[in-house]
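We did not get these values from a lab; they are worked out from the coordinates using the rules stated. The shown structure was predicted, so the numbers you read here are calculated from the model rather than taken from an experiment. Cβ placement follows ideal geometry from the backbone for every residue including glycine, while neighbour counts extend to all protein chains displayed.
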Number of protein chains: 2
Amino acid sequence: MTRFAMLAAGAAALTSLAAAAVAGPDARQASGAVLPPPRAEAPAPAPVLSPGEIAAQAPAADWIAIAADDLLVMDLAPGARGQARRVVIQLMPPPFAVPWVANIRTLAAAHWWDGLSVVRVQDNYVAQWGDPDGETPARARPLPPALRPTSDAPYQLRGDAPGWQRFAGLTIPRGTPAGYTAFEAGWPVAAEGTPDHAARWPVHCYGMVGVGRNLAPDRGTGAELYAVIGHAPRHLDRNIALVGRVVEGIEHLSSLPRGTGPLGFYADPAERVAIRQVRLASALPAAERPRLEYLSTDSAAFLRYAEARANRRDAFFNLPAGGADICNIPVPVRRAR
Amino acid sequence: MTRFAMLAAGAAALTSLAAAAVAGPDARQASGAVLPPPRAEAPAPAPVLSPGEIAAQAPAADWIAIAADDLLVMDLAPGARGQARRVVIQLMPPPFAVPWVANIRTLAAAHWWDGLSVVRVQDNYVAQWGDPDGETPARARPLPPALRPTSDAPYQLRGDAPGWQRFAGLTIPRGTPAGYTAFEAGWPVAAEGTPDHAARWPVHCYGMVGVGRNLAPDRGTGAELYAVIGHAPRHLDRNIALVGRVVEGIEHLSSLPRGTGPLGFYADPAERVAIRQVRLASALPAAERPRLEYLSTDSAAFLRYAEARANRRDAFFNLPAGGADICNIPVPVRRAR
């Protein structure tokens with residue numbers, strides 16, 4: 001059963017302590033001069049923690065380890081200075097994206113992406129990878145036979161959403177453009193409807209990973225994937241399947257040269273960065289597996305973190321915004337302690 | 001007098017024509033078989049234009065030339081393959097950002113940025129440039145004497161906003177987190193208050209350029225600048241001055257390697273991309289000036305374009321979103337025709 005993390009209207013923001021000065025009666029010196037009244041020592045105001053500091057100070061129990069089976073590890077060809085370029089993607093759990101994620105596991109186990117490439121990088125939009133010949137039957141790499149069909153897979157989940165509550169009046173205002181947004185088991189989700197008849201779907205925030213497809217009725221297999229590398233393209237929500245998010249190494253995609261072909265596809269095959277291999281972390285030698293954890297979106301610490309993202313009161317800021325869109329509250333992920 | 005472009009609730013979206021089929025009575029053949037009824041020829045449905053197509057087809061009169069005096073042209077050191085890397089920034093007009101933009105003109109005229117560098121690139125946030133030694137008095141490059149003070153310059157404009165109307169119920173919903181968003185003379189703006197007592201300010205969309213500063217009360221001179229290269233950091237709105245937007249060449253900033261120091265600052269000076277020169281376009285030889293134009297946000301074509309961004313009905317999309325945040329409606333800019 002999925003649970004929404006409620007970002008309650010009443011969440012207290014972490015505020016700085018006001019310095020309290022206690023004044024006593026004027027003390028006149030014998031000469032008649034007036035001394036300033038004695039003041040009690042006042043504690044220095046506590047600095048307001050930044051959102052990052054709030055997350056870092058969350059109790060260890062609030063951090064949830066990401067299973068090796070839920071991490072897709074893509075190693076691109078080394079960079080110009082020989083540096084490794086590893087992109088780590090956390091896959092969405094059921095009930096989201098079930099057949100596509102299953103296909104991604106199948107493709108990874110089949111080493112299907114090995115030797116393929118990044119085919120498209122469009123500024124303020126996506127980086128996309130897969131089989132550059134995927135649309136040319138004579139040259140396309142054969143897909144594994146065990147892929148599940150996705151033509152009937154839903155982009156939105158429908159039905160009861162137990163515990164789902166409205167967000168009217170909350171610090172994090174209703175999602176734009178969907179009615180409501182919330183975090184569900186660590187994922188940004190939007191929803192419409194009523195608690196009895198809700199539709200909900202994942203949101204295309206920066207770093208989210210989705211499934212390339214052709215025109216409807218095609219829904220994509222999972223063999224062609226993209227990551228968001230610009231302002232959240234919310235118009236893609238509910239129109240295409242999201243399957244996860246980049247939790248480490250997004251810069252290896254977002255800093256790639258942009259393609260000069262239409263939509264940012266690389267016009268020259270030589271421009272495409274090659275994919276050395278893609279594996280589930282569980283298929284890597286234990287010592288090589290990324291060990292990552294995310295801050296539980298059901299935790300009090302996450303609530304304080306989100307409130308701080310929505311209302312910055314740390315030193316640099318003069319005016320808290322009064323709210324934030326869900327994509328301006330990235331879920332913290334870090335190397336496991 | 002500034003004018004807001006109203007994105008009216010009643011704006012008609014460009015819709016596809018429904019194909020009309022006319023069926024006649026069954027025609028029985030002499031043999032008794034039933035032929036399908038004759039159909040009148042029906043026009044093929046008009047394809048729904050994409051937002052880009054709508055903009056491209058806007059009348060020439062809807063495109064406003066950007067004056068050479070309003071374009072800041074930054075030439076970075078050539079790229080690895082010797083390619084030129086020119087970043088063109090459109091400066092905001094009065095009443096926005098007046099003293100900072102004036103300072104930027106002064107700095108450009110003084111060739112002040114020549115030989116300085118890109119000092120910081122933080123993923124999903126900003127690329128920033130200026131004097132790497134700016135905080136070290138012994139090594140900082142002296143600023144021109146004619147810079148205007150900015151310590152009292154407002155981040156928000158206050159007062160009457162003639163013609164300003166509420167956005168309740170519009171396709172582009174109320175801004176997040178500010179109350180309202182609109183386009184003013186081609187710029188994304190948020191607003192709060194009432195028509196008689198409004199505060200309004202520019203919005204930190206992707207590509208917008210702002211003024212680096214230290215902690216309050218410092219408001220920055222304009223010598224240190226940054227561009228947004230990720231999801232719109234709306235928490236910066238009203239906390240820091242925006243002065244313009246990158247209208248060409250953003251990829252030369254957004255595709256730079258990310259800095260490995262704190263906040264994405266480059267730890268190693270050798271990593272910083274050098275700035276060859278920064279000039280107002282009006283200071284360049286006429287043949288070298290970028291000639292650009294933007295789609296007037298007061299035009300009917302822009303209204304249709306914005307509606308299409310908010311409700312994608314072109315072929316790829318199955319479900320229009322029902323709205324868009326202002327930063328998902330970038331103002332079209334192109335080379336002048």
When you count, for each residue, the other Cβ atoms within 10 Å and take the mean per peptide, how do B:318-331, B:228-241, A:262-275 rank with the highest first? B:228-241, B:318-331, A:262-275
What whole number of Å gives the distance from the Cα centroid of segment A:87-107 to the Cα centroid of segment B:271-299? 44
Which value in Å is the Kirkwood Rh of segment A:264-310 over different Cα pairs? 15.1
Per 5 Å bin, what percent of the C-alpha pairs of segment A:59-136 does each bin hold, from zero upward? 3, 11, 16, 22, 21, 14, 8, 4, 1, 0, 0
Given charges at beta-carbon only (K, R positive; D, E negative), |dipole| of segment B:64-285 in Debye: 140
Sorted by mean Cβ packing within 10 Å, highest first, what order do the peptides A:46-58, A:134-146 take? A:46-58, A:134-146
If you count, for every residue in A:317-327, the Cβ atoms of partner chains within 10 Å of its Cβ, what is the mean? 6
Starting from the exponent 0.38 and prefactor 2.2 Å, build the expected Rg for segment B:64-285 from its residue count and divide its actual Cα Rg by it. 1.03
For segment A:207-337, the Cα convex hull volume per residue in Å³ comes to 189
